[in-house]
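K.L.:
Before anything else, here's the structure in question.
Derivation of every value follows stated rules applied to the coordinates shown; laboratory data play no part. Predicted model only: the values in this text are computed from it and were never measured. For neighbour counting, all protein chains shown are included, and Cβ atoms are generated from backbone atoms with ideal geometry for every residue, glycine included.
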Amino acid sequence: MKTLNERTKKIEKGLRDAEETQNKFQEMTQKEKEILTQAKKEAQEIIKKSESEAKKNAESITAEMKEKNAKMIEDAKAMIEEEKKKMLLEIKSEVADLVVMATEKVIAQKLNSEKDKEIINRVIK
C-alpha cells in the first residue's frame, strides 16, 4: 500500500508539474505574442517616421533645386542682356565708322551730284 501511495503521490506530483509547465508555456507564449505585437508596432512607427523624413528631405531638395534653377535662369538672362548691350554698342560703333568712311569718301570725291548719288548707293549696298 505504501508503494501505491508513493506511486500515487509521484503521479500527482508529475501531473502538477506538467500542469505548471503547461501554464508557464502558455505564459511564455502569451509574452512572446505581446513582444511580437510590440515589435511590429515599433517597426511600423519607425517605417512611418522614415517615410515622413524621406518626404521632407525630398521636398527640401526639390525646393533647393527650384531655387538654384531660378538663380541660374536669372543669371543667364542677365548675361544675355549684357551681351545684347555689348553687341548694340559694337553695331553702333561700326555704323559710326561706316558713316565716317562714307562721309570721307563723299568729301574726297565731291565732283558733282551724280557722283554723290553713285557713292552713296555704293556705300549703302
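K.L.:
Got a sec? Which of Glu74, Glu90, Glu20 is among the charged types (D, E, K, R), surrounded by 10 or more Cβ atoms within 10 Å (Cβ to Cβ) and under 30 Å from Ile124 (Cα atoms)? Before you say what the answer is, go through the steps one by one.
P.N.:
Working: Glu74 fails: under 30 Å from Ile124 (Cα atoms); Glu20 fails: under 30 Å from Ile124 (Cα atoms).
The unique qualifying residue is Glu90.
K.L.:
Determine whether Ala63 is more than 14 Å from the chain's Cα centre (by Cα) and in a helix (DSSP H, G or I).
P.N.:
Values: more than 14 Å from the chain's Cα centre (by Cα): no; in a helix (DSSP H, G or I): yes.
When the stated conditions are applied, Ala63 does not pass them.
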